[in-house]
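> The structure follows.
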Amino acid sequence: MKILRKIFSFILGITVGGLVSFFIERLGHENLTIYQDVPDMIEVEAFSAFIANLPVGAFFILLFAHSIGTLIAGFIATLFAGETRPITATAVGAMMLCFAMINLISITSHPVWFKVAEVIIYIPSAILGFRILLKMKAILKQNPTSQS
């Protein structure tokens, strides 16, 4: 039963983290006028040129979205797995890193600094989500009267 709980936690973490990343990205897209005329990804050259001409702020929004989504994914996965070690959180971070790698390989026109940062953020973000959960549990354990 423990393995089913970990699998469920892993899937739930990936799903929630992916949705959080998606919604933060969408907020960024809504606030940047450059996203009004996005070419279809099927038009490879036009889409690559679009990505290459994005402002630096757009890439920072993407990094922020991906790091917060992964942090929440690690938090949720650890919460539902009931672990005291970062196994599920790290697995979630690794899976989200795999998704990022697929994206970076399929869209080659990202700047190099973004590619490096994108690869670096996932595992630390997931482990930070794990650590935040442990800190919250420790605080709640110290102050049992604050629980309702």
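Readers should treat all values here as calculations from the given coordinates under stated rules, not as data from a laboratory. Worth saying up front: this structure is predicted, and the values here are computed from it rather than measured. Cβ sites come from the backbone with ideal geometry, for glycine too, and all protein chains shown count toward neighbours.
> Quick one: check the C-alpha center-to-center distance for segment 1-67 versus segment 80-119, whole angstrom.
Segment 1-67 and segment 80-119 have Cα centres separated by 12 Å.
> Between ILE105 and LEU134, take the C-beta separation as r, use R0 = 25 Å, and let me know the FRET efficiency to the nearest 0.05.
About 0.15, to the nearest 0.05.
> Right, next: Using only alpha carbon positions, build the gyration tensor of segment 88-148, then give the equivalent ellipsoid semi-axes as the square roots of 5 times its eigenvalues, largest first, whole angstrom.
Computed over segment 88-148, the values are 35, 10, 8 Å.
> Mind checking the angle between helix 112-142 and the chain's longest principal axis? C-alpha axes, 0 to 90 degrees, to the nearest 10.
Once rounded, one gets 20 degrees.
> Please give every one of the lysines within straight-line cross-link reach of LYS2, meaning a C-alpha to C-alpha distance under 22 Å, and leave out same-chain neighbours fewer than 8 residues apart.
LYS137
> Related question: To the nearest 10 degrees, how steeply does helix 56-81 sit against the main Cα axis of the chain, on a 0 to 90 scale?
30
> Can you tell me how much longer the chain between ARG26 and LYS2 gets when fully stretched, taken as 0.36 nm per residue apart minus their C-alpha distance, in nm with one decimal? The partial results should precede the final answer.
Working: separation 24, 0.36 × 24 = 8.64 nm, distance 3.58 nm.
Taking ARG26 through LYS2 to full extension adds about 5.1 nm, to one decimal.
> Pairwise over distinct Cα atoms, reciprocal of the mean inverse distance: report the Kirkwood radius of the chain in Å, one decimal place.
Evaluated on the chain, it is 16.5 Å.
> Note the full-extension length gain between GLN142 and ILE87 as 0.36 nm times their separation in residues minus their Cα-Cα distance, in nm to one decimal. Before the final figure, lay out each step's value.
On the way: separation 55, 0.36 × 55 = 19.80 nm, distance 2.51 nm.
Working it through step by step, the gained length comes to 17.3 nm.
> If you don't mind, there's one more thing I want to ask. Estimate the FRET efficiency between LEU63 and GLU43 by the formula 1/(1 + (r/R0)^6), using the beta-carbon distance for r and 25 Å for R0, to the nearest 0.05.
It comes out at approximately 0.50.
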